[in-house]
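Every number here is computed from the coordinates shown, using simple stated rules; none is lab data. If you're wondering where the values come from, they're calculated on a predicted model, not measured in any experiment. Positions of Cβ are backbone-derived with ideal geometry, glycine not excepted, and every protein chain shown enters the neighbour counts.
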Amino acid sequence: MRHVALPLGSLLLFLVLWQVLAASHTWSETLVPPPAKVWDAFVDVSTTHDGVRGYNGTTLVEHLGISLRRIALGAGLGILAGVVFGLLMGTVGWLRSLFEPWITFLRTLPPLAYFSLLIIWLGIDEEPKVTLLAVAAFPPVAVSTTTAVAAVPKALVEAARALGASRWDTVRDVVVPSALPETLTGVRLAVGVAYSSLVAAELVNGLPGIGGMVKDAANYNNTPVVLVGIIAIGVSGLVIDGLLLRLERVAVPWRGRT
């Protein structure tokens, strides 16, 4: 009951404080719209009203679905590349020395720093958006996998080799299972970074898309729709993170146990 009551209680308290702040008229409704107006905006962008379908002819679910597809493709490519690079850098010392500074350099760059360059190179269609999300998701997985592989107890590796395991067998049966918990943590971080880069990825030609909807609504000071988009991104992010956490518990049930 506590795990259910505390989140619901905090949500209720937040809504009450939000309503009180909006009713105090400290700021105009353009800046702080009341919850009822945000709810009306949610209904409007989710349905057909006055002959208008959703926002810009696309419903909220469709906007979110298109953005999730971009995240799945972009983050998926970045995660796959991060795992491969992490395994290679963790097992081959000179590769780690060669690539780690570049990955660190890439990890410190904000997405907007190279998004304009991606547009110049790739145009304004789907390619720069997917590439941006892939580049954003790559470093967390690469760093966590590299660290996890390098931290595999040497005694386990030497024992496997002493029992006749080949290099590939050692990587498959010893290194990968040992590194998997930290790698999955890196995957969760990568998906979070991709989500935080979503609005940046959809700054240009982002409609339809939830980030593009937020950006377009902000251009017209349509704060209720902006808040609807932000809430949709946050809730879907919570759901996906919960699914990834569940996957982690199923894939590595030994984590946290002695």
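In the chain, excluding the sites themselves, the longest stretch lacking any of the trypsin sites (Lys or Arg not before Pro) that are in a DSSP loop with at most 13 other Cβ atoms within 10 Å is 1-254.
Estimated from the Cβ-Cβ distance and a Förster radius of 51 angstrom, the FRET efficiency linking VAL4 and ILE120 is about 0.55. For VAL204, no residue has an amide H sitting under 5 Å from its own, ignoring neighbours fewer than 5 places away on the same chain, with H placed 1.01 Å from N.
Protection proxy ranking of 174-181, 60-67, by the mean of other Cβ atoms within 10 Å over each peptide's residues and highest first, is 60-67, 174-181.
May I ask you to derive the relative contact order of the chain, considering only C-alpha pairs under 8 Å and at least 6 residues apart, and to give it as an integer percent? Before the final figure, lay out each step's value.
Numbers: 293 pairs, mean separation 59.1, N = 258.
Result for the chain is 23 percent.
Using only the alpha-carbon atoms, how far is helix 111-122 inclined from the longest principal axis of the chain? Give it as 0 to 90 degrees, nearest 10. For helix 111-122, the angle is close to 90 degrees. For the chain, the longest principal axis of the Cα atoms and the long axis of helix 210-219 meet at an angle of about 40 degrees.
Please list, ordered by chain and number, the residues whose modelled amide H lies under 5 Å from the amide H of THR58; skip anything fewer than 5 residues away on the same chain. HN-HN under 5 Å from THR58: empty list.
With a Förster radius of 45 Å applied to the C-beta separation of LEU17 and LEU156, the computed FRET efficiency comes to 0.30.
Taking Cα extents along the principal axes in Å straight from the coordinates, which label in [x] 73, 53, 32; [y] 72, 42, 42; [z] 58, 40, 40 is the correct one? Read-out from the structure maps to [x]. For the pair the stretch 1-56 / the stretch 64-89, the C-alpha centres are spaced 33 Å from each other. Placing pseudo-labels 7 Å out from each Cα toward the beta carbon at ASP50 and PHE105 gives an inter-label distance of 5.3 nm. Shown here for the stretch 180-255: chymotrypsin sites (Phe, Trp or Tyr not before Pro) in loop regions (DSSP other than H, G, I, E, B) with at most 12 other Cβ atoms within 10 Å, namely TYR220, TRP254.
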